[in-house]
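Trainee: Let me begin by handing over the structure; questions about it come next.
The values are calculated or read from the model by the stated rules, or taken from the named source; none is laboratory data. Keep in mind that this is a model prediction, so the values were computed, not measured. Cβ placement follows ideal geometry from the backbone for every residue including glycine, while neighbour counts extend to all protein chains displayed.
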Amino acid sequence: MKATTSIIATLTLAASALLAGCGSGEASVTDEEAILASTPVPVEVARPYRVDIFAKYDATATITSDADAPVIARVPGEVVELLVEEGDLVVAGQVLARLDGERLRLEMLAARANLDRARTEYERNVDLNQRGLISASMFDSLQYELEALEALYELTKLTYDYSKIRAPIDGIVAAREIKPGQNLKVNDIAFRITDTTELIAYLQIPQSELSKFAVGHAADIEVASMPGIRFPATIERISPTIDTRNGTFRATAIIDNAGGELAPGMFGRFTISYEQHKNALVIPAEALLAEDEESTVYVVVDGEVSLRTIQIGIEADGNVEILGGLSEDEVIVVVGHSGLRTGSKVLASNKTQDRYTG
């Protein structure tokens, strides 16, 4: 900017000297316009260059988990032991807490004793049945009773095991809802387990944009707590039906959160890349002008500029794709459009070219 200011100051002084040389009252407005028209305007220029460019769509959604399970008490009882706390990693089947199951244990033992008695009685009568010394109906009754007692024992055994509250899924303890000494009823929520290794978000896609999206498209997510850091995601599903409340389709994004940086409930800003053009010819977006609903740029040839209408494609990340009207070896004005018109002379600086062309 210092160099540009110096150039402007020098040109201004030169113009003033020329005007002063004409004598008082001799310089006309036409002379001033002619002098200004012949004075080069300092601009910054660049050449078109090639990069891979993606068409993108922005959306916002709350991140959640598809694997979020409440852990309920399956039998009533007093909480006698807590084995995990919020934030602990657990695996499916791991015991999280124990209830007072003494009554259930005794019922299981009684059922086991009745089963042992029935099994002994049945085995004693097997030989008698084979020898025809007891009736078939009596032997069948012994067999049915044995089967019923086996089922009852398994039921009491299972009920006793329910006094140990277990994790239904792998994950992290998101909430502990119980306290030691608390008496729980059946279906009371004791814990909540959430698997955060894979998170999801439901994006609302307008009808007009739906044709741009497909399963498998990549996306990036940014959250307020970690600005500037982007996490990858993939569009996993797109609902075939429209939500009549807002006229949108629902796209489900799957987020790989193996590192655990993200958490359910975070608000995410999603950028979905739905189309890629490899090795596309692009220019900096700030070089683009809008003229009567056309896209134009100033092209520099032999120190003069001319306004050129071009055809553009994808615009993303500060770049605009060129589809026609401009070649790779031409020079365009990037900074300094103000006051230019076709035929204007310019003093081009390539300072910004490296920044744009890499």
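Trainee: Would you kindly identify the strands (runs of 3 or more DSSP E) lying entirely within the stretch 188-228 that contain at least 2 residues that are under 21 Å from residue 267 (Cβ atoms) and more than 13 Å from the chain's Cα centre (by Cα)?
Mentor: By residue number, 189-194, 198-206.
Trainee: Is there any pair with a first residue in the stretch 337-358 that is at pLDDT 75 or above and a second that is of a type in the set (S, T, N, Q) whose Cβ atoms are under 6 Å apart and which are 6 or more apart or on different chains, and what are they?
Mentor: Pairs found: 342/306.
Trainee: Could you tell me whether any residue of the stretch 300-314 is out of contact with any strand residue (DSSP E or B) (no Cβ under 9 Å at 6 or more places or on another chain), surrounded by fewer than 17 Cβ atoms within 10 Å (Cβ to Cβ), of a type outside the set (Ser, Thr, Tyr) and within 21 Å of residue 46 (Cβ to Cβ)?
Mentor: yes
Trainee: Just checking, how many residues over the stretch 149-175 are under 54 Å from the mean Cα position of the chain (by Cα) and in a helix (DSSP H, G or I)?
Mentor: Residues flagged as under 54 Å from the mean Cα position of the chain (by Cα) and in a helix (DSSP H, G or I) within the stretch 149-175 amount to 12.
Trainee: (1) modelled with pLDDT of 85 or more; (2) under 30 Å from residue 233 (Cα atoms): which one isn't true of residue 289, the others all being true?
Mentor: For residue 289, the exception is condition (2).
Trainee: Limited to the stretch 162-206, what total is found for residues that are polar (S, T, N, Q) and modelled with pLDDT of 95 or more?
Mentor: Residues in the stretch 162-206 being polar (S, T, N, Q) and modelled with pLDDT of 95 or more: 4 in total.
Trainee: Do the conditions hold for residue 295, that is, is it within 27 Å of residue 212 (Cα to Cα), part of a strand (DSSP E or B) and in the same structural domain as residue 234 (by TED's automatic domain parsing)?
Mentor: So residue 295 fails the test.
Trainee: Just name the residue that is nearest to residue 53 (Cα to Cα) out of those in the stretch 322-338 that are under 35 Å from the mean Cα position of the chain (by Cα) and crowded, with 19+ Cβ neighbours inside 10 Å.
Mentor: The extreme case among them is 322.
Trainee: Now, a different point. Would you point out the residue of the stretch 37-50, among those that are buried (at least 16 other Cβ atoms within 10 Å of the Cβ) and not hydroxyl-bearing (Ser, Thr, Tyr), that is nearest to residue 315 (Cα to Cα)?
Mentor: 48
Trainee: Which one is surrounded by the fewest Cβ atoms within 10 Å (Cβ to Cβ), of the residues in the stretch 281-299 that are within 20 Å of residue 53 (Cα to Cα) and small (Gly, Ala, Ser)?
Mentor: Restricting to residues being within 20 Å of residue 53 (Cα to Cα) and small (Gly, Ala, Ser), the top hit is 285.
Trainee: Can you report the number of residues in the stretch 176-187 which are surrounded by 15 or more Cβ atoms within 10 Å (Cβ to Cβ) and part of a strand (DSSP E or B)?
Mentor: Residues in the stretch 176-187 being surrounded by 15 or more Cβ atoms within 10 Å (Cβ to Cβ) and part of a strand (DSSP E or B): 2 in total.
Trainee: Okay, moving on. Could you count how many residues in the stretch 298-336 are among the aromatic types (Phe, Trp, Tyr) and without any contact (Cβ under 8 Å) to a residue 24 or more places away in the chain?
Mentor: Here the count works out to 0.
Trainee: Here is a follow-up. Can you name every one of the strands (runs of 3 or more DSSP E) wholly within the stretch 35-144 that holds 3 or more residues which are among the polar types (S, T, N, Q)?
Mentor: Of the strands (runs of 3 or more DSSP E) lying wholly inside the stretch 35-144, those with at least 3 residues that are among the polar types (S, T, N, Q) span 49-65.
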